[in-house]
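Data block below; observations after.
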Amino acid sequence: MVGSIVSLPLVWDFADMMNALMAIPNLVALLALNGVIVAETKKYLWDGNIEDDETAPKSVSDAANEVAEEEFKMVAAATEAE
């Protein structure tokens, strides 16, 4: 509403200022979590443990294959029931 009655440069300046203010907490969080990020990166990438973690996220293709297999089983079970 205010943007429709003020000058365009003022609107852009306000938008730029808000973007800068949103970045500040993110930068502070990156500095605060720096040790955690390094430790997790070392644990999974540098030490080669990424394959050993059962909770590691699967690739999209693996997840899609699992969904397709479940759907195939459901269709097969429904077909057998008929």
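The values are calculated or read from the model by the stated rules, or taken from the named source; none is laboratory data. Everything numeric in this text was worked out from a predicted model, so none of it was measured. Every residue, glycine among them, receives a Cβ derived from its backbone with ideal geometry; neighbour counts consider all protein chains shown.
What the table shows:
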read-out	value
For Met22: the one exception among (1) surrounded by 10 or more Cβ atoms within 10 Å (Cβ to Cβ); (2) modelled with pLDDT of 85 or more	(1)
Subset tally (residues that are surrounded by fewer than 10 Cβ atoms within 10 Å (Cβ to Cβ) and at pLDDT below 80) for the range 63-82	2
Test: Val38 is at pLDDT 80 or above and within 30 Å of the chain's Cα centre (by Cα)	yes
The range 1-35, residues that are small (Gly, Ala, Ser) and part of a helix (DSSP H, G or I)	Gly3, Ser4, Ala15, Ala20, Ala23, Ala29, Ala32, Gly35
